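The values are calculated or read from the model by the stated rules, or taken from the named source; none is laboratory data. In this text the structure is predicted, and so the values were computed from the model without any measurement. Note that each Cβ is placed from the backbone with ideal geometry, even for glycine, and that neighbours are counted across all protein chains shown.
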Amino acid sequence: MKSLGIALKIDEHLEEMLDWAVKLGFGNCQLQIWNMENVNERHAEKVRRIAESFDMEITGLWCGWHGPIRWNFTEGPSVLGIVPPEYRATRTRNLLDGAAYGRVLGVKDIITHLGFIPLNCRDVNYTGVVNTVRYIAEELARHGQNLLMETGQEPPVVLKRLIQDVGSANLYVNYDPANLMMYGNANPVDGLGILGEYVRSIHAKDGSYPVDGYELGQEYPIGKGQVDFPRFVEKLKAIHYDGSISIEYEIEEGNERQRLEMEEGKRFLEKILYS
């Protein structure tokens, strides 16, 4: 496996956060962009130069989209990702533009949440998702890039079925163990047994199962939630995973609490990964 990396947002704190990350010993990062107004060649060149000034390897680009975002069970299925038909065309364009942005950064892996993939493979909306994912994957393949779908909003077997039905060789998974718990969809250790062959990058994040039917489970600092990281790392080693692991902690970017708890998470994981 690569040395531990970190997931950072492309925003006004990026240079400050990269400086902090390098001083802490991180040598690679996954970048995340949500402001679609910045998805252009000029902005990508600026970010590339900043990352190079810190000698920071960029392992992937997480690309967001235009339109509403609701991380819950009530509105989320209707508004997230490319699954809702009314947002599909715009967000397909967002992902293709994000892939072009990534190429300026020298990034092969473009990552996103697809949304709540229909559980019923006979659902007409499922067919639309399959066709759209295939189109995006084929467009990325023309440039030697991969499309990585982040886990969470559906059970692992549903994501595996989608990969099989799309049939594109450049379709992979960004595996987030906390998300699988927070959406109530799987034990993250068991989920690796289903998706392991497709996992190309990993978020190191901790969380808990939901306690009601409307809101996601809670995110925690690494080692403080319900993800069994010793067993998770043992499973990664058993499937011979050799990709990136990026620490992600999605509280307010750049504040002191976030940094301190990510530092603690880094030390916690290093003891498990390299013991």
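From the list E37, E52, E15, pick out the single residue that is over 30 Å from Y214 (Cα atoms) and either touching a helix residue (DSSP H, G or I) at 6+ places or on another chain (Cβ under 8 Å) or part of a strand (DSSP E or B) (or both).
Going through E37, E52, E15 in turn, the sole match is E15.
Restricting to region 119-151, name every residue that is more than 20 Å from the chain's Cα centre (by Cα), assigned to a loop (DSSP other than H, G, I, E, B) and of a type in the set (S, T, N, Q).
Once the filter is applied, which keeps residues that are more than 20 Å from the chain's Cα centre (by Cα), assigned to a loop (DSSP other than H, G, I, E, B) and of a type in the set (S, T, N, Q), region 119-151 yields only N120.
Anything in region 55-74 that is among the aliphatic types (A, V, I, L, M) and either closer than 27 Å to D212 by Cβ or in contact with a Pro (Cβ under 7 Å, 6 or more places away or on another chain) (or both)? List them, or say none.
Within region 55-74, I69 is the sole residue that qualifies.
Residue check: is E41 touching a residue at least 40 places away in the same chain (Cβ under 8 Å) and out of contact with any strand residue (DSSP E or B) (no Cβ under 7 Å at 6 or more places or on another chain)?
Yes; evaluated as a whole, the condition is true for this residue.
For E154, indicate whether it is assigned to a helix (DSSP H, G or I) and either within 23 Å of N120 (Cα to Cα) or not small (G, A, S) (or both).
So E154 does not fit the description; no.
When you check V107 against the structure, is it crowded, with 19+ Cβ neighbours inside 10 Å, part of a loop (DSSP other than H, G, I, E, B), modelled with pLDDT of 95 or more and among the aliphatic types (A, V, I, L, M), yes or no?
Considered against the rule, which asks whether it is crowded, with 19+ Cβ neighbours inside 10 Å, part of a loop (DSSP other than H, G, I, E, B), modelled with pLDDT of 95 or more and among the aliphatic types (A, V, I, L, M), V107 comes out as yes.
Kindly indicate the residue of region 145-165 that is closer than 14 Å to L95 by Cβ and of a type outside the set (S, T, N, Q) and also surrounded by the fewest Cβ atoms within 10 Å (Cβ to Cβ) among those meeting that condition.
E150
May I ask you to list the residues in region 196-251 that are in contact (Cβ under 8 Å) with a residue 60 or more places away in the chain, of a type in the set (D, E, K, R) and closer than 24 Å to P77 by Cα?
Selection gives E215, E248.
So, T151, is that one hydroxyl-bearing (S, T, Y), in contact with a Ser or Thr (Cβ under 8 Å, 6 or more places away or on another chain) and touching a residue at least 12 places away in the same chain (Cβ under 8 Å) or not?
no
If you scan region 44-75, which residues turn out to be in contact (Cβ under 8 Å) with a residue 12 or more places away in the chain, surrounded by fewer than 20 Cβ atoms within 10 Å (Cβ to Cβ) and either closer than 30 Å to D123 by Cβ or touching a Leu at 6+ places or on another chain (Cβ under 6 Å) (or both)?
R48, F54, H66, G67, W71, N72, F73, T74
Looking at region 169-275, what strands (runs of 3 or more DSSP E) fall wholly within it and have at least 2 residues that are β-branched (V, I, T)?
It comes to 199-204, 244-247.
Return the total of residues in region 11-38 being under 17 Å from I251 (Cα atoms) and free of Cβ contacts under 8 Å to residues at least 12 places away in the same chain.
Residues meeting the conditions: 1.
Would you confirm whether or not region 199-218 contains a residue that is over 24 Å from G64 (Cβ atoms), polar (S, T, N, Q) and surrounded by fewer than 23 Cβ atoms within 10 Å (Cβ to Cβ)?
yes
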